[in-house]
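The block underneath contains the structure these notes are about, expressed in structure tokens.
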Amino acid sequence: MGIKTVAIYSDADVSALHVRMADEAVHVGPPASTKSYLNIPAIVSAIERTGAQAVHPGYGFLSENSEFVRSLNAIGCAFVGPGEAAIAAMGDKIRSKVIAEDAGVRVIPGWKGVVRDASHAVEIANSIGYPVMLKASAGGGGKGMRIAWNDRETRDAFRVSSSEALSSFGDDRMLVEKFVESPRHIEIQLLGDKHGNVVYLPERECSIQRRNQKVIEEAPSPHLLPATRAAMGAQAVALARSVGYYSAGTCEFLVDPRQNFYFLEMNTRLQVEHPVTETVSGLDLVEQMIRVAAGQRLAFSQSDVSQPRGWAFESRVYGEDPYNGLPCIGTLDRYVEPPAPARCDSGIVEGGEISVHYDPLICKLVTSGETREEALEGMVTALDAFVIKGVTHNIPLLREVFARPRFVSGSLSTAFLSEEFPSGFTGHILTPEERMDLIATAAVLYALRDTRKRVWVRGGGTLGEITPVSQWDVVIGVAGVDNEVRVEKRAASWSASWSVDGQTVGVEVEELEWVAETPVVRATIRAAANGPLRRVTFQYLGAEGLGYTMIYHGTKYAVLVLTPLQHRLLQYTLPKRGVDPTRVVLSPMPGVVVGVSVRAGDTVRVGDELAVVEAMKMQNVIRAERDGVVRSVRVAVGSIVAGDDVLVEYEHS
Amino acid sequence: MSACRIPAAAAAAAVSAKGARPQCCLFRLQRPTPSRITAVTTARRHATTTVSANSSQHQQQPPITPNTNMVQRIDAKRRAAKAGGGDKRIQMQHAKGKLTARERLDLLLDANSFREYDVFAEHVCTDFGMEKEQITGDGVVTGRGTINGRLVYVYSQDFTAHGGSLGARHAQKICKVLDQAILVGAPVIGLNDSGGARIQEGVASLAGYAEIFQRNVMASGVVPQISLIMGPSAGGAVYSPALTDAIFMVRDTSYLFVTGPEVVKAMTNEDVSQEELGGAAVHTMKSGVAHRAFDSDVAALAAARDFIDFLPLSNRHDVPVRTTQDPPTRADPALDVLVPTDSTRAYDIKHVITRIVDDREMFEISPDFAPNIVVALARMDGHTIGVVANQPLVSSGVLDINSSVKAARFVRFCDAFGIPIVTLVDVPGFMPGTAQEHEGIIRHGAKLLYAYAEATVPKITVITRKAYGGAYDVMSSKHLRGDCNYAWPTGEIAVMGAKGAVEIIFRKSLNKAQAEQEYISKFANPFPAAERGFLDDIITPSSTRARIIEDLRVLQFKQQVNPKKKHGNIPL
């Protein structure tokens, strides 16, 4: 658009991508967001210093802060977003519901007021019936939000959510409402100008959530009937009109299996998942926001944008342990985004850091296609080639969701993850064919590495000549099963064979693409005689100890790679004497201890709260996993702990 | 034939030069063929008897024709030697989680490359009924073989035979491979698993240890020597490994101590287990005696192969060069953001190392001892290099006694074997305090200074951030004959950090903050050093790999000779 940009940054983001891409960058304070990205005076002074004419607030921090808008108005700087009054009206979740009801929008039954305390929350919950949802009045993004199924959970949820709300938003007011079961989260993107025009764009479905935070979004929704889409769009537009809304905004709805929809809230800002809407609408939403802020009229009408064009998915790649959902931080030792046509919206480069200060979002990965299947296939390919090392991330979970038949069929709900993984996500389970792919490819990598090890350019001091080898015997162990594999090099391909239950299986590996010791390995594999040729992508994350770390179908495998002799002799190794993990309770992630609930000598039962560790503004309750007597508590409130630091030690039982 | 009086390895060379097949085994008397000559050495450098099936070709010596009985006797002896202490003891060895001497050699060496020496060796002890306790081979398997095609000499103590105890013959076998290794120039790998001195042999056993020590010292700096401790190693036995270049241990099954727990208990009344006294954890983390620890014999031996792959065969061989697909000019933009701008914040120097070297691969030495300095072998452009790097992640990368000693030994190792040294500097200085001063940081720190000053291999230094005070001088500075000295733009080369300096220079000044800023803009940057030529250039971090590789090419024929002397006097 030919607009010069000024980035603002905190100490933690000195070398961030946005700083390097902007024409100018201004430092606004220390890492803590309250002192930098939420520091209105510092930002205002940055505006004045650089002479910026408008501010785009992004989708966090001050994007829904009416006070910020007032401050900008005061210095004559445009806010790229809605008007102050609309933000204020919609920003308060209690008020926004009243306004929505008045505008004829369907809302969820609940308590339309501030909850006084935990007992009051229990009282309300009983009056509207369980399950109920407690959420922060000022909240968003799932923070300070919890579901309760009984009185005890309601009390717990009230306590934890309100303190989380206080630390995240500086406002601990809570509300309670009916929790709609088996709902889908579908939202309507709105775009309005300052001349009273408001249109709705094709919806986004954001049902794949964990802890009420969106993980995967798509547009359009595979669920909505055209009539529902039109009805939701019309109500959303009516609400926007009633508050004089302009710029981009989103009405969030819950939609039940019978196409009933309930208004949840309106986000008066650009959403994280806006790229999927851009993809199916052909509009650049940020550009539209800027045009609106400049007073321009929307250059299209409702009928131009009602129908989605193609399909798009977005995966939120988080610094997060996919197995327990806890946030993870660290330096991105390896970071290679998948190649186009995948779209990667990220603010990080290799060598950068995912810090404790901000949301651990690494990248928004967007793929699209004419059809849902095409977009989905693009996503799977992109996830397989996405290289991230140094920060634990959720690609294993994302990759698995896209492979689940229920997801492929489009049968979603906000409970998808907890229903598909009732005892938690535990990693991809390889099919027999996938296991064969992995075994054969690991064996071929072994042959390639072995060849390279025996070739010396100089200084070999070799006895005699090195005879070229074209056949190797190697034991490949995957998930506890060891296979003695014979690998043979052919003219342009490799063959690997081994025995499974007394039967010899053969795998052909063709068109292998691998630059020695780099992560991405691509190959065409035929895993059964006359079977189909499949193009697959693996990741090789290096040789450590007696094997390789490899990724296939998103999940990481420690692949044992041994010569037959090593394999035979390894049987004599005794198990190592280490620390008894059941005697100590470890911090699952780095963070700050904000609560300690036990003392030495206390008797604890399974499920009792031991301590609360806060990381990434999320409070994580650490509960006892077994009964016992506490021998010592190694931390105190305020202690900074690393992942795997001992929190509590049990007595010997 | 002249081969009679020269050592076996040289004899082998002579034989193969005459057109015999190179795999002709020195000690294996197989069914003779007319063209094959087999030499049997009964003792080191002593009488060598030549056996030939075709006497007409060898006029000088009377032929000995092996009869059937002889072949059977030889086979029987060979089988006895292979069996070591017998099945029962082998089972006991396995039950302890340990492998046998021969299994270990099979894992260490390339398939079919092992050529055994002295398989028929037997002790001559007759005291305490030892004449009845004869195990052919005398408790140690010795010979040579290859690792990825490259020659190495090996010995492997057999705990199943006399508990691997060291007697005169046992020691003699080890000495033979050490002598040959020095002669031909090839590494020696010792696999140690021994109950200690063979008491029945008395002083002969002690003599045996000393003979080995003497050879270890003679071999030091001539051929790489690696010791794998794969069982007990106590008393005199610890000093041979201690004299070698690297010690690897196996967790839970290997111990190194001068006096065992029983003696400790008797003398000092201290109750301590073998593991606590001298296990792998103690020696790799606390004492620094051992350099790496592994979970199994298999893993330790695999690592020994990887380690050997980095080393030249001897001080007269070039470093080995391996093919790589990692481009020599590869720029790594991540390096440009890796060093935090806040100079009090830490970062992992290992990330810098792996980004500069080939294939992100490095072989770290003593990773768990003095982790405030990292020393590792790696490759650049396929050539082996040694890396010494301060680790800001641990104690800000400060130089203390242990880190100085660890790095000094590594620098000397590299220098001895012609391995170029790349030094990455981010050091706030030497560790202050009574603990360090009283323990002798002065003389220990001087070791690192001495090692760098003495080294004549190519020395390339990159200052990534801090290079303060005496530690700047020590860390391969220009003044210690650094060949190429660079700083990244984040470099701060000064006598000390801003806070401390301001306290001294501006003691009476009221505006400390302003003074600090003045100091930072004047000194906390690479210019003062670059202006004086103490730095050759200030380089973009992302270009570091390309620049170092170019320099290594330039320096590959570097010649630098220290004044002639018997040896220097390093402050030990």
Practice problem: Would you check if there is a residue in the stretch B:549-557 being out of contact with any helix residue (DSSP H, G or I) (no Cβ under 7 Å at 6 or more places or on another chain) and β-branched (Val, Ile, Thr)? | Solution: yes
Exercise. Mind listing whichever residues of the stretch B:482-520 are surrounded by fewer than 17 Cβ atoms within 10 Å (Cβ to Cβ), touching a residue at least 12 places away in the same chain (Cβ under 8 Å) and under 41 Å from the mean Cα position of the chain (by Cα)?
Key: B:489, B:495
Quiz item: Across the stretch A:9-31, what is the total count of residues that are surrounded by 15 or more Cβ atoms within 10 Å (Cβ to Cβ), away from chain B (no Cβ under 14 Å) and assigned to a loop (DSSP other than H, G, I, E, B)?
Solution: 1
Quiz item: Can you pull out the helices (runs of 4 or more DSSP H) entirely within the stretch A:92-205 that have at least 1 residues that are of a type in the set (S, T, N, Q) and surrounded by fewer than 18 Cβ atoms within 10 Å (Cβ to Cβ)?
Solution: A:118-128, A:151-169
Exercise. Among the residues of the stretch A:265-288, count how many are touching a His at 6+ places or on another chain (Cβ under 8 Å) and either among the β-branched types (Val, Ile, Thr) or under 21 Å from residue A:101 (Cα atoms) (or both).
Key: 1
Exercise. Restrict the check to the stretch B:358-365 and report whether at least one residue is in contact (Cβ under 8 Å) with a residue 60 or more places away in the chain, among the aliphatic types (A, V, I, L, M), farther than 22 Å from residue B:525 by Cβ and in the same structural domain as residue B:485 (by TED's automatic domain parsing).
Key: yes
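Yes or no, residue by residue, for (1) over 23 Å from residue B:528 (Cα atoms); (2) at pLDDT 95 or above; (3) surrounded by fewer than 24 Cβ atoms within 10 Å (Cβ to Cβ):
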{"position": "B:390", "(1), (2), (3)": "no, yes, no"}
{"position": "B:395", "(1), (2), (3)": "yes, no, yes"}
{"position": "B:402", "(1), (2), (3)": "yes, yes, yes"}
{"position": "B:434", "(1), (2), (3)": "yes, no, yes"}
{"position": "B:444", "(1), (2), (3)": "yes, yes, yes"}
{"position": "B:450", "(1), (2), (3)": "yes, yes, yes"}
{"position": "B:466", "(1), (2), (3)": "no, no, no"}
Exercise. Answer yes if at least one residue in the stretch A:601-609 is touching a residue at least 12 places away in the same chain (Cβ under 8 Å), of a type outside the set (S, T, N, Q) and either in contact with a Cys (Cβ under 6 Å, 6 or more places away or on another chain) or part of a strand (DSSP E or B) (or both), and no otherwise.
Key: yes
Quiz item: For residue B:506, which of the numbered conditions (1) at pLDDT 80 or above; (2) more than 19 Å from residue B:427 (Cβ to Cβ); (3) among the hydrophobic types (A, V, I, L, M, F, W, C) fails to hold?
Solution: (1)
Quiz prompt | Enumerated strands (runs of 3 or more DSSP E) restricted to the stretch B:205-314, each holding at least 2 residues that are within 12 Å of chain A (Cβ to nearest Cβ) | solution = B:292-294
Self-check item: Selection status of residue B:357, farther than 29 Å from residue A:10 by Cα and of a type in the set (A, V, I, L, M, F, W, C)
Solution: yes
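Kindly indicate whether residue B:377 is crowded, with 22+ Cβ neighbours inside 10 Å, away from every other protein chain (no Cβ under 12 Å) and either touching a helix residue (DSSP H, G or I) at 6+ places or on another chain (Cβ under 6 Å) or within 30 Å of residue B:186 (Cα to Cα) (or both).
Judged against the criteria, residue B:377 is a match.
Taking the stretch A:516-552 on its own, how many of its residues are within 11 Å of chain B (Cβ to nearest Cβ), touching a strand residue (DSSP E or B) at 6+ places or on another chain (Cβ under 9 Å) and within 18 Å of residue A:450 (Cβ to Cβ)?
Result for the stretch A:516-552: 8.
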Exercise. Can you confirm whether the stretch B:557-566 contains a residue that is farther than 28 Å from residue B:496 by Cβ, at pLDDT below 95 and among the aromatic types (Phe, Trp, Tyr)?
Key: yes
Quiz item: Counting only residues that are at the interface with another protein chain (Cβ under 9 Å from one of its Cβ atoms), under 21 Å from residue B:148 (Cα atoms), touching a Leu at 6+ places or on another chain (Cβ under 9 Å) and part of a loop (DSSP other than H, G, I, E, B), how many does the stretch B:88-128 have?
Solution: 2
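Test residue A:631 against the stated conditions and say whether it is basic (Lys, Arg), surrounded by 13 or more Cβ atoms within 10 Å (Cβ to Cβ) and modelled with pLDDT of 80 or more.
Values: basic (Lys, Arg): yes; surrounded by 13 or more Cβ atoms within 10 Å (Cβ to Cβ): yes; modelled with pLDDT of 80 or more: yes.
When the stated conditions are applied, residue A:631 passes them.
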Quiz prompt | Answer from A:297, A:316 - the residue that is in contact (Cβ under 8 Å) with a residue 60 or more places away in the chain, among the basic types (Lys, Arg), more than 14 Å from chain B (Cβ to nearest Cβ) and under 24 Å from residue A:214 (Cα atoms) | solution = A:316
Quiz item: Would you pick out the residues in the stretch B:237-268 that are of a type in the set (Lys, Arg) and surrounded by fewer than 16 Cβ atoms within 10 Å (Cβ to Cβ)?
Solution: B:265
Quiz item: Which one is surrounded by the fewest Cβ atoms within 10 Å (Cβ to Cβ), of the residues in the stretch B:350-374 that are assigned to a strand (DSSP E or B) and away from chain A (no Cβ under 14 Å)?
Solution: B:365
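The values are calculated or read from the model by the stated rules, or taken from the named source; none is laboratory data. Fair warning: this is a prediction, and the values are worked out from it, not measured in the lab. Neighbour counts are summed over all protein chains in view; Cβ atoms, including those assigned to glycine, are modelled from backbone coordinates with ideal geometry.
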